[in-house]
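The values are calculated or read from the model by the stated rules, or taken from the named source; none is laboratory data. What you are looking at is a predicted structure, and each value in this text was computed from that prediction instead of being measured. Here Cβ is always computed from backbone atoms with ideal geometry, including for glycine, and neighbour counts include all displayed protein chains.
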Amino acid sequence: MNALEVAIARKSYPRERGELVAIEGLDFTVRQGQFACIVGPSGCGKTTLLSIIAGLDRDYQGVVSRNGRNLGMVFQTPRLMPWLSARENVRLAIDPPPRAPGRAEEMLAEMQLEPFLDAFPRQLSGGQQRRVALARAFVNAPDLLLLDEQFLSLDAPTAQHLRELLLSLWARRRPTILFVTHDLREALSLGDRVLFLTAGPARLALDLPLDLPRPRHPDDATIEAMRVRLLESHPDLLRGLTAGGAAESAA
Ligand code: ADP
Ligand code: MG
């Protein structure tokens, strides 16, 4: 069964003169429980796509349908409430408000944040803040989880640790995941599938199924070999990933 069906004919933002077309003719579906990575150059329209799927942006032409009620979204920056502790940040997200006590604490413990339940965001490292944000997204057992460029600003071991935490949550609870990144090796190490987007306006450049055995690591020789092979067979993808920038169109 499909968890998600996306058919975006056009999404544009107004500009002083004319408009900027961020997405044009982007169609795909995602099976329930699939871990799909979305890869595209910076500025190609990935965050715009997630906002549309999340229902935060309704100003577009097209149709997006989601199956399942619970949606989790983890933004590019952790977006924690600075005046609330880790525990309170997660509690706040529980929907409907905390009937089952201990759920926020349980989720934070799964993220190995037990010692930091009462710490404020400013007292947490970047990686710890990310874990609070992940706990907040997972606390309602989402059917669909949207993750935007999660681990790219972290040092390599911390990033890998968080990828493993995410994979273990996914393996146990099997939400459908849409994981946005501009790092090809990260995508190849995580996904069941990689959707490559063109430099803006975003449309589908390549839809690649992945059935590499797990566990995987971004530095595995098989991942690197696959990356090299992909870039040889689709040099346009490499160009897209290094170039960036969305197309401006004057109306
Ligand atoms: P990505 O997440 O792939 O880096 P975005 O979806 O953030 O790309 O942006 C795609 C394009 O749309 C960029 O050119 C960006 O400048 C533009 N854009 C994004 N959000 C807005 C906005 N709220 N208003 C105007 N332009 C925007
Ligand atoms: Mg973005």
Within the stretch 1-49, tally of residues that are under 20 Å from Leu208 (Cβ atoms) and part of a helix (DSSP H, G or I): 2
Lone unmet requirement of (1) among the β-branched types (Val, Ile, Thr); (2) under 30 Å from Met1 (Cβ atoms); (3) over 16 Å from the mean Cα position of the chain (by Cα); (4) away from ligand 1 (no atom under 16 Å from the Cβ) for Thr158: (2)
Any hit, the stretch 74-86, residues being modelled with pLDDT of 90 or more, loosely packed, with under 13 Cβ neighbours inside 10 Å and farther than 16 Å from Gln129 by Cβ: no
Residues of the stretch 58-73 that turn out to be surrounded by fewer than 17 Cβ atoms within 10 Å (Cβ to Cβ) and farther than 14 Å from Leu144 by Cα, as a count: 5
Qualifying positions in the stretch 132-165 - part of a loop (DSSP other than H, G, I, E, B) and out of contact with any helix residue (DSSP H, G or I) (no Cβ under 6 Å at 6 or more places or on another chain): Asn140, Ala141, Pro142, Asp143, Glu149, Gln150, Leu152, Ser153, Asp155
Pairs with Cβ under 8 Å, 6+ apart, first in the stretch 212-236 and closer than 16 Å to Val39 by Cα, second outside any loop (DSSP other than H, G, I, E, B) and among the hydroxyl-bearing types (Ser, Thr, Tyr): Pro218/Ser189; Ile223/Ser189
Exclusive hit being among the basic types (Lys, Arg), away from ligand 1 (no atom under 16 Å from the Cβ) and under 30 Å from Leu210 (Cβ atoms), set Arg69, Arg91: Arg69
Of all residues making up the stretch 20-37, the number that are surrounded by 15 or more Cβ atoms within 10 Å (Cβ to Cβ) and not aliphatic (A, V, I, L, M): 7
Residues (of a type outside the set (Phe, Trp, Tyr), touching a helix residue (DSSP H, G or I) at 6+ places or on another chain (Cβ under 6 Å) and away from ligand 2 (no atom under 12 Å from the Cβ)) located in the stretch 40-63: Asp57
Residue that is nearest to the chain's Cα centre (by Cα), among those in the stretch 1-39 that are within 15 Å of ligand 2 (Cβ to nearest atom) and of a type in the set (Val, Ile, Thr): Ile38
In the stretch 166-184, the residues that are surrounded by fewer than 17 Cβ atoms within 10 Å (Cβ to Cβ) and assigned to a helix (DSSP H, G or I): Ser168, Ala171, Arg172, Arg173
Unique residue being touching a Phe, Trp or Tyr at 6+ places or on another chain (Cβ under 6 Å) and under 16 Å from Lys46 (Cβ atoms) when the list is Leu206, Leu197: Leu206
Identity of the residue in the stretch 1-43, of a type in the set (Lys, Arg) and at pLDDT 95 or above, that ends up farthest from ligand 1 (Cβ to nearest atom): Arg31
Residues being within 15 Å of ligand 1 (Cβ to nearest atom) and modelled with pLDDT of 90 or more - total across the stretch 200-251: 5
Within the stretch 11-43, tally of residues that are touching a residue at least 40 places away in the same chain (Cβ under 8 Å) and under 27 Å from Gly72 (Cβ atoms): 20
Failed item in (1) part of a strand (DSSP E or B); (2) in contact with a helix residue (DSSP H, G or I) (Cβ under 8 Å, 6 or more places away or on another chain); (3) more than 16 Å from ligand 2 (Cβ to nearest atom), with Pro82 passing the rest: (1)
